[in-house]
Amino acid sequence: MKITIIGTGYVGLTTGVCLSDAGHQVICADSDIDKINSLNNGVIPIYEYGLEDIINRNIKISRLFFTNDIKMAVEKSDIIYITVDTPQNEDGSANLRNVYGVVEYISGLLLKNKIVVLKSTVPVGTTDKIQNILKGCSVVYNPEFLRQGSALNDFMHPERIILGSNSVDAVNVLKEIYGKFCKNIIVMDSKSAEITKYAANTFLSAKISFMNEIAQICEKSGANIEMVKEGISADSRIGEGFLSAGLGYGGSCFPKDVNALIYTASELGVSADILKAVNKRNKLQITLFLQKITDRFGTDLSGKTFAIWGLSYKPNTNDTRNAPSVAVINDLIEKGAKITVYDPRAVDNIKKIFGSKINYASNMYDALNYADALLLITEWNEFKNPDFEIIKSKLNYPVIFDGRNLYIKNNLNNIGFEYYCVGKAVNS
Ligand SMILES: NC(=O)c1ccc[n+]([C@@H]2O[C@H](COP(=O)([O-])OP(=O)(O)OC[C@H]3O[C@@H](n4cnc5c(N)ncnc54)[C@H](O)[C@@H]3O)[C@@H](O)[C@H]2O)c1
């Protein structure tokens with residue numbers, strides 16, 4: 001098949017690269033000329049394990065191209081994917097400017113009989129509106145469920161594919177494309193598919209917020225959230241995923257999708273009390289973490305230095321959009337603290353936000369030099385088994401604030417650390 005992807009970001013690049021690796025002829029287009037130039041020069045703008053190899057392999061055999069000539073890209077293909085970003089408006093609603101920008105542009109190209117696959121996350125009813133604009137084409141809503149950090153694997157081995165359309169022909173073509181990756185293809189109307197995407201993301205966000213609320217109850221009562229997690233996740237009705245207490249969710253999807261669904265609900269006259277509570281609890285997790293620091297070191301942090309391990313919103317990605325690290329650093333700077341950070345991949349993105357306001361270490365132990373305490377924000381693998389003797393010898397005080405419950409509290413207390421984590425009382 002000849003396939004064009006419009007919007008070569010996280011989802012578009014992954015989609016394009018995986019489809020070309022599956023044997024299709026793929027053009028990845030983007031309006032960002034710098035991004036296209038970088039890709040054409042072999043510089044990949046995002047970090048995903050294995051991505052560079054697979055891009056190079058498919059460019060070499062001329063199955064994958066990058067361009068900012070969207071007209072050419074659309075005219076050359078039979079299937080057009082729309083994978084542009086749908087960020088959050090100030091009122092919480094989804095900003096569809098880029099989606100409609102692409103739709104209006106391609107509607108002017110008088111396309112006939114092409115299949116337009118909308119992958120961007122959009123509010124209920126959007127696909128129908130786009131179908132009305134692109135009259136000669138069949139529009140299918142095909143939400144994406146990949147996780148940053150395991151994007152290629154998730155795309156190539158999805159648990160399900162959702163196709164929202166009433167065009168039997170278009171659905172059959174997409175079934176042929178996706179049949180290679182997944183047997184569980186669920187076809188439904190586009191409105192149900194749109195809600196499915198939001199319901200999936202907000203349900204996972206709700207699991208995280210629920211567990212964080214239970215964690216605070218554990219902390220106050222002397223219980224241990226890690227034991228509670230083990231106890232409830234053994235129940236297959238509850239499942240194991242998204243039950244880790246900590247600093248909450250971030251990234252470019254969960255926060256905006258929770259807000260967008262709250263907005264949609266209010267437009268429909270539905271009171272989204274659960275979703276609002278999910279949102280509120282997620283913000284509270286940062287406040288509670290910062291409170292532990294000020295309880296220990298005081299509200300005026302001038303003269304104090306903190307080492308931060310982990311900046312990306314989750315491990316195995318360089319993405320810092322809505323990362324808890326950003327909120328934590330901003331607050332500590334405001335209180336007068338000095339900050340030294342280390343992250344295996346996300347330092348360049350954090351530099352774009354904080355520049356010379358903070359210090360950057362080239363390895364995890366150097367970040368501890370002259371620091372009063374260590375703050376663990378993102379649970380990268382390399383932070384899981386550190387040398388605690390080195391940590392203790394470098395820090396001014398043997399104090400760790402762990403926002404991801406990475407270490408075992410009793411073990412750290414036994415070797416002389418003050419260890420603050422989530423869901424376990426300080427003195428338990
Ligand atoms: N990132 C994820 O993990 C993920 C997962 C599932 C779904 N989604 C959804 O997929 C969509 C895309 O997300 P993303 O993270 O890939 O976004 P992104 O910001 O990484 O990439 C979007 C790309 O679209 C390009 N673009 C914007 N307007 C354009 C236009 N008019 N013409 C051509 N290119 C244009 C941008 O330059 C950018 O490269 C969003 O709706 C998001 O909610 C994201």
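The values are calculated or read from the model by the stated rules, or taken from the named source; none is laboratory data. From a predicted model like this one, the values you see are computed outputs, not experimental measurements. Reconstructed Cβ throughout: ideal geometry from the backbone, glycine too, with neighbour counts over all protein chains shown. These area figures cover heavy atoms from the full protein model, side chains too; ligands, DNA and RNA do not enter into them. Shrake-Rupley method; radii C 1.70, N 1.55, O 1.52, S 1.80 Å.
Looking only at residues that are among the acidic types (Asp, Glu) and touching a helix residue (DSSP H, G or I) at 6+ places or on another chain (Cβ under 9 Å) in the range 301-344, which one is farthest from the ligand (Cβ to nearest atom)? So that I can check it myself, show each step before the final result.
Within the range 301-344, the subset among the acidic types (Asp, Glu) is 319, 331, 334, 343.
In the following step, the residues that additionally are touching a helix residue (DSSP H, G or I) at 6+ places or on another chain (Cβ under 9 Å) were identified as 319, 331, 343.
Details: Asp319: 8, Asp331: 26, Asp343: 18 Å.
Only one residue fits best here, namely Asp331.
Rundown of residues vs (1) outside any helix (DSSP H, G or I); (2) acidic (Asp, Glu); (3) surrounded by fewer than 18 Cβ atoms within 10 Å (Cβ to Cβ), yes/no style:
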site: Asp295; (1), (2), (3): no, yes, yes
site: Leu311; (1), (2), (3): yes, no, no
site: Lys352; (1), (2), (3): no, no, yes
site: Ala371; (1), (2), (3): yes, no, no
Q) Can you name the number of the only condition in (1) open to solvent by 20 Å² or more (accessible area, probe 1.4 Å); (2) within 15 Å of Thr86 (Cβ to Cβ); (3) assigned to a helix (DSSP H, G or I) that Val258 fails? A) (1)
Q: Report yes if Ile377 is under 24 Å from the mean Cα position of the chain (by Cα), closer than 25 Å to Gly251 by Cβ and of a type outside the set (Lys, Arg), otherwise no.
A: yes
Q. Name the residues in the range 384-415 that are assigned to a loop (DSSP other than H, G, I, E, B), more than 28 Å from Ile214 (Cα to Cα), free of Cβ contacts under 8 Å to residues at least 60 places away in the same chain and open to solvent by less than 40 Å² (accessible area, probe 1.4 Å), would you?
A. Pro386
Q.
Return the residues of the range 102-132 that are open to solvent by 40 Å² or more (accessible area, probe 1.4 Å), out of contact with any strand residue (DSSP E or B) (no Cβ under 8 Å at 6 or more places or on another chain) and either closer than 25 Å to Ala265 by Cα or assigned by TED's automatic domain parsing to the domain that holds Phe242 (or both); say none if nothing qualifies.
A. Val124, Asp128, Lys129, Asn132
**Q.** Residue list for the range 1-27, filter: in contact with a Gly (Cβ under 7 Å, 6 or more places away or on another chain) and over 16 Å from Asn98 (Cα atoms)
**A.** Val26
Q: State all residues of the range 30-65 that are polar (S, T, N, Q) and more than 19 Å from Cys18 (Cβ to Cβ); if no residue qualifies, say none.
A: Ser31, Asn37, Ser38, Asn40, Asn41
